[in-house]
Structures are given as structure tokens and as C-alpha cells.
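The values are calculated or read from the model by the stated rules, or taken from the named source; none is laboratory data. What you see is a predicted model, and the numbers here were worked out from it, not measured in a lab. Cβ sites come from the backbone with ideal geometry, for glycine too, and all protein chains shown count toward neighbours. Just so you know, the surface numbers come from the protein's heavy atoms only, side chains and all, with ligands and any DNA or RNA stripped out. Shrake-Rupley method; radii C 1.70, N 1.55, O 1.52, S 1.80 Å.
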Amino acid sequence: MILNALSITMIFIGALSALLAIWGGISSLILYRKWKRPATPEEKTSLEDRSYLILLIMVIVLVVRLINWPLFYVTLQSFISDIEGAMCIFGVTQVKVDLTRFSEILKPITFFFIGAWLILHVLDRATKTSPLMRRKLFLLSIISLLVLIDSLGDIFLILGIAPESLVSCCTTITDILNRPTRTTPESIFGPQYARFLQSIFLITHLALIGFVGLILRSKKPRRAILGFLCLFSIVNAALFLLSQIEVFAPRMMHLPFHHCLYCLWQYVPDSIVMYLLFILGTFSVGWGFTTELFGRQGEAADLLPGCLRKIYIGLPFSFCRRL
Amino acid sequence: MASNKRWIALFVIFVIISLGSGCQGERKSIEGRCDYDGAKIEPLYAVYFTLQDGTEKNFCSIACASMSFSALKKQIKEVRVVDEPSGNKINASDAFFVESEIVTVPHVKNRIHVFAKKEEALKHIQKFIGNCNWVEHPFLL
């Protein structure tokens, strides 16, 4: 294990959120099952009190897990100097390849579901009768499972990265001629694939902005359209990644043959802001869909159009503020 | 509503400041680094390309330089490498290249060593006998 302030913080957060995720997940599942059963007014009050306590604690845990995603990369960045052969985060990921890859895939998924749940929670809190409470509790128990796996993954990874491990870094993997990010578009578009990727990147981004604009103009957007938009944003995200690796990252770094995104964050730190905005934008589209999917019930249904509007305008932080 | 505008204004200011400071930092950080992958250059293992227009490209290792060489071949006027025993810059055409189990630049696992004198290269080969051999000149113009 590499001991520094960040690794200790990661382990502390991991251990704490794992414990609270077990407690919160089981409690929310129990409450979910009890919620619809007939109960006396005293039992109902006690149930509500317990649910508010669980929600309060779990909201804090989930917000911490949101912050944990960037913290994960900051921690890996802090390990670079202790790993022989690592010149960027890529080198650190090579120490425990499978576990790191698993964490890197799980973290955005967890981030997305936590964001979706928090928006649902804010929508429910704006109502007087909490019509989404049962769904919220059920979804919380699922998200708690994700949080638990993610937290354990963090702990094992941080403990498993041994100092002075010898690794090869990005140059030997991301820059080889037969890398899939090059061969796949090249087989479709030919040798001029970079120009096509650049054009497609611009077209899909403008199309996505256009679609969101159309949704903002309609008073009651249909679920199918929001679902389509969600799928489109996933395709757009894949194209974004591909074009970043092959076209934009080498240009931004002024290193025409180097295609490592971790190096991009290191050499061009302002690209992190761009990535952050892209992630929030893409996830906002998905959050719009999940809010429509789970939030159309009772009193919450009346507040839904306004809520969707706020999500699509790109103000997810306006929701955080309300928590 | 006014509160929302305040948040937006704060956010925009944050983005502008980040972009401004980031652009300045970027220029500083890329200077003196490898022109292939941006890694810090250890002078003893560096490779220098002088292009036809007089500009110079610096690389952290033989591995990075040889990966750039094919793309830049037509523009290159001169390639200089560093003699490992003395640390002197020499013309690549006069150098001897040897591959051994000793890694010089870990992030690319570069095992190619450069020598100005054949005797020094032979000494290295004898030191690591069995795991050491001559390498074809990687920078033939």
C-alpha cells in the first residue's frame, strides 16, 4: 500500500460508506416492504421518522460517493511518483489492471444512479405527500449495493497497489498502430478517419443540443423521446471518447502521436473542466429520462415538467443546493 | 430565480478562471518534455532530431524517438543521441546500439543502450552475456 493523505482518505471513505451502505440498504429494503402495509397512525409516524433518518444519512453517503469519483483519480495521480515506470495515471492502473478497470467502469455507473436518485429525492421532497417514497426506498437499496461494491473495490485497490511496482506506461499501449481506437474507425472511414471523427463529433454534439432545445420548447415531453435522447447521448459519449483519443487529445497536448487521456489531464489541466462539463451534460440527459421514468406519480407528476426543464437546462447543481 | 442566476454567474466565472490558469500552466508544463509522450527527459537517454527547418524535437528514449522517426523521416536533417558512458551528444550514424536486460527509461521499457565506442558496447554485451545483442541502427536516414 502507498501511504499518503489521499490513500488514507480513500480507505476511510470506503470503509465508512461500505458500512453505511449495508445499514442503509437493508433498512431501506425493510422500510420499502413495510411502507404499503396497513398500519396504525403511531406505526405510520414511526415508519416515517425512520425513513427520514435513513434518507438523511444516505443522502450524505451518496454525496460523498459522488465526490469519490474525482477523488479516485486524484489519489491514483498521487501514486505516480511511487510506481516505477508510471508517468501518468495509466501507469498506476497497470499495477492492478483488472481491479482498476472494474472500478473505472463501476464508478461512472454508480455516479449516474446516485445522481438520478438524488434528483428523484429532491422532486419528492418538493411534494407534500411524498408519493415517490416507496420507489425511492427500493432504488436506494439497489444503489446501496452498488455503493458497497464500489467502496470495497476502492479499499482493495488502494491496499493492493504496492510501491515501487514496475509497470509500462501509456506510450507502449495507447500509441501502438493497431490500437482498437484507430483500427475500428479506420476500417469504416478509411485512412482519413480522423477528419470524419472530428466532423461526426461536431454533428452529434450539435444534434444533441438541438434535441434538448426541442424538448425544452415542448410543454410535456414524451417518455419515448426522452429515452431516445438518453440512447443518443450514450452514442454521443462513445463518439466523444473516440474522437478525444484519436483527434483532440494529441492536438491539445501538442503531442501528435500520443493518445493517452490521462496524460491529457496531466499536461492540459483545463481539459478536466471540459470533461466535467461533458459528464454532467451527458448524465443530465440520462437523469431527465430516469426522472420521467420513476417520478411520474401522484403529486410529483405535476412538478415533473418543471423539474425536467431544470435538468435539461443543465443545472444539476441547482438540485444539489436544495439537498 | 435570482439565486439561480447567481449560481450560473459563479459557475461561468469558475470556468473562465480555470481555462485562463489552465492555458498558462499548459505552456509551462510541456516545455523540456518528450515530444512524443510528454514524459520528463533524462538527458543521458535523450534523442534529438534536428529538422530541415531548423527546429529541434527532443525525445526521452530511443523507443519514443523511433516511434516518431517513421512519421518525421522526410523532415529530419540530423539525429543525435547520447553516449551512455560519457554523456556526450553524438551523431546517431556514429553510434552503436545494444539491447540488454537493463531498462533505461522504465515507462516505455526501453532497453536499447547507446555507445560512441565499439569497445564500450562490447563491454556491455559481455557484461550481460546471453541477454544482450546488437540492434540494427534505428535512425537510418
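Carbon-plus-sulfur accessible fraction, segment A:80-120 (probe radius 1.4 Å, protein heavy atoms only): 61%.
Taking a point 7 Å from the Cα of A:LEU214 along the Cα-to-Cβ direction, the residues of segment A:285-299 with backbone N closer than 20 Å to it are A:285-290, A:292-293. With the helix formula -39500 (n - 2.57) applied to DSSP H stretches of n ≥ 4, chain B reaches a computed 222 nm mean residue ellipticity of -12000 deg cm²/dmol. Compute the distance in nm between two label points, each set 7 Å from the Cα along the Cα-to-Cβ direction, one at B:TRP134 and one at A:LEU99. Rounded to a tenth, the inter-label distance reads 4.7 nm.
Our compactness index for segment B:79-140, the C-alpha radius of gyration over the empirical 2.2 N^0.38 Å, is 1.04.
Couplings 3J(HN,Hα) of segment A:24-35, computed from phi: x, x, 5, 4, 5, 5, 5, 5, 4, 6, 7, 4 Hz, in residue order, whole Hz [Karplus 6.51 cos²θ - 1.76 cosθ + 1.60, θ = phi - 60°; x for Gly and Pro].
The H on the amide N of B:HIS113, modeled in the peptide plane, is under 5 Å from the matching H of B:VAL98, B:GLU99, B:SER100, each at least 5 residues off or on a different chain.
Residues in segment A:278-291 carry Karplus couplings, in order, of 5, 4, 4, x, 5, 5, 4, 4, x, 5, x, 5, 5, 5 Hz; the curve used is 6.51 cos²θ - 1.76 cosθ + 1.60 with θ = phi - 60°, and Gly or Pro positions show x. Think of a 1.4 Å ball rolled over the protein heavy atoms: chain A then has 47 Å² of accessible area per residue. With one equal scatterer per alpha carbon and no solvent term, the Debye-computed log10 I(q)/I(0) for segment A:98-156 at 0.20, 0.26 1/Å reads -0.73, -0.99. Give me log10 I(q)/I(0) at q = 0.14, 0.25, 0.30 Å⁻¹ for segment A:146-200, Debye formula, one equal scatterer per alpha-carbon, no solvent. Listed by q, the Debye log ratios stand at -0.68, -0.94, -1.12.
Coupling constants for segment A:298-306 follow from the phi torsions by the Karplus curve (6.51 cos²θ - 1.76 cosθ + 1.60, θ = phi - 60°), and in residue order they are x, 5, 5, 4, 5, 8, 4, x, x Hz; glycine and proline get x. For the protein assembly as shown, the spread of Cα positions along the three principal axes, ordered from largest to smallest, is 95, 45, 39 Å.
Dividing the C-alpha radius of gyration of segment A:182-240 by 2.2 N^0.38 Å, with N its residue count, gives 1.38. With R₀ set to 51 Å, the beta-carbon distance separating A:ARG223 from A:SER81 gives a calculated FRET efficiency near 0.55.
Is there a quick way to get the dipole size of chain A? I mean about its Cα centre, with the Cβ of Lys and Arg at +1 and of Asp and Glu at -1; what is the value in debye to the nearest 20? Provide the component values of the computation, followed by the final result.
Details: 29 positive and 19 negative charges, 334 e Å.
Roughly 1600 debye for chain A.
Taking only Cα atoms and a 10 Å spring cutoff, compute GNM fluctuations for chain A and point out the largest among A:VAL247, A:VAL273, A:VAL212. With Cα springs under 10 Å in chain A, the top fluctuation among A:VAL247, A:VAL273, A:VAL212 is at A:VAL273. Each distinct pair of alpha carbons in segment A:196-323 adds a 1/r term; the inverse of their mean, the Kirkwood radius, is 16.0 Å. Shape class of segment B:51-116 from the alpha-carbon gyration tensor: oblate, with a/c at 1.5 or above and b/c at least as large as a/b.
For chain B, list log₁₀ I(q)/I(0) at each q in 0.11, 0.14, 0.20 Å⁻¹, using the Debye formula over Cα point scatterers of equal strength and ignoring solvent, two decimals each. Each listed q corresponds, in turn, to -0.50, -0.69, -1.16.
Cβ-Cβ distance of A:THR45 and A:VAL74, R₀ of 41 Å, FRET efficiency by 1/(1 + (r/R0)^6): the value works out to about 0.40.
Choose one of A:LEU303, A:THR93, A:PRO185: the residue whose Cα lies farthest towards the positive end of the charge dipole of chain A (beta-carbon charges +1 Lys, Arg; -1 Asp, Glu; about the Cα centre). So the residue furthest toward the plus end is A:LEU303. Under the simplified labelling scheme, the A:TYR52-A:ASP302 pair shows an inter-label distance of 2.2 nm, with each label point 7 Å from Cα along Cα→Cβ.
As a size descriptor, the averaged projected area of the C-alpha convex hull of segment A:58-103 was calculated at 3.5 nm².
The orientation-averaged projected area of the convex hull spanned by the Cα atoms of segment B:38-89 comes to 3.5 nm². Counted residue by residue at 0.36 nm each, then reduced by the alpha carbon distance between them, the extension gain from A:LEU166 to A:ILE200 reaches 8.3 nm. Using the empirical formula 2.2 N^0.38 Å as the baseline, the Cα radius of gyration of segment A:18-141 reaches a ratio of 1.39. Can you tell me which lysines have their Cα less than 19 Å from the Cα of B:LYS40? Leave out same-chain residues fewer than eight positions away. Cross-link targets: B:LYS28, B:LYS57, B:LYS89, B:LYS109.
When restricted to Cα atoms, segment A:1-73 yields an Rg and a Dmax of 16.5, 55 Å, respectively.
What the Cβ-Cβ distance of B:SER93 and A:ALA126 gives, at R0 = 56 Å and to the nearest 0.05, is a FRET efficiency of 0.15. What does a probe at B:GLU119 reach in segment B:59-94, counting residues whose amide N is under 18 Å from the point 7 Å along Cα→Cβ? Flagged as within label range: B:83-88. The amide H of A:GLU84, built 1.01 Å from its N in the peptide plane, has A:GLU164, A:SER165, A:VAL167 as neighbours under 5 Å, considering only residues 5 or more places off or on other chains.
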